[in-house]
Amino acid sequence: MGANSTSEDTLPKDGQVIVNLPVEDRPNYMSGEDVVVGLKDGLVVSVSAKTHGTMRDGYDVRWLVEAFGQPQASPAIQNIPGNHFTSAQIAWSLPDGASVYYNSGEWGPYYGLVRVQLPLASPHQIGIWD
């Protein structure tokens, strides 16, 4: 087993694990069944999930606002030359020091990303499901 590998009954102290959520436990903004959970010193420091992409970003934003409240700034809408879609990007600062990152076009028009992270988490890398 490698340094970040784990058996079924243990978790790595540092690194990431993929957790499969049952349908009934998934938030409405989540697409797919897996979340990536970041660990540091045995503690959960980030949770990332795919969202429904740019075609449903209005719905996802509505569910994210319900979950995290109104963001401190209006969504930024980005249209990168050569792309045929726009993406909504929003960030929240939560009272407990955590932050929420959302980009409806993280991987093009079909999948976005929402990531909740504590200050101890590794910085998010655009286009990486971390």
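The values are calculated or read from the model by the stated rules, or taken from the named source; none is laboratory data. Just so it is clear, the model here is predicted, and its values are computed rather than measured. Cβ atoms come from the backbone with ideal geometry, glycine included; neighbour counts cover every protein chain shown. Areas reflect the complete protein model, heavy atoms only, side chains present, ligands, DNA and RNA absent. Shrake-Rupley method; radii C 1.70, N 1.55, O 1.52, S 1.80 Å.
If you average the alpha carbon positions of segment 92-122 and of segment 33-87, how far apart do those two centres end up, in angstrom?
Taking the Cα centre of segment 33-87 as reference, the centre of segment 92-122 is 5 Å away.
Just the Cα atoms of segment 13-77: what Rg and Dmax do they give in Å?
Spelled out, the Cα radius of gyration and Dmax of segment 13-77 are 13.7, 38 Å.
For segment 64-109, what is the accessible area per residue in Å² when the probe is 1.4 Å?
Heavy-atom accessible area per residue stands at 57 Å².
Enter the angle in degrees (range 0 to 90, nearest 10) between the Cα long axis of helix 57-68 and the first principal axis of the Cα atoms of the chain, meaning the one along which they spread out most.
Relative to the chain, helix 57-68 is tipped by roughly 50 degrees.
Computing the accessible area with a 1.4 Å probe over protein heavy atoms, can you report the carbon and sulfur percentage for the chain?
Roughly 55 percent, rounded to a whole number.
To the nearest 20 debye, what is the magnitude of the charge dipole of segment 35-108 about its Cα centre, counting +1 on the Cβ of each Lys and Arg and -1 on the Cβ of each Asp and Glu?
Here the size comes out at about 120 debye.
Cα extents of the chain along the three principal axes, largest first, in whole Å?
Here the Cα extents, ordered largest to smallest, are 44, 32, 31 Å.
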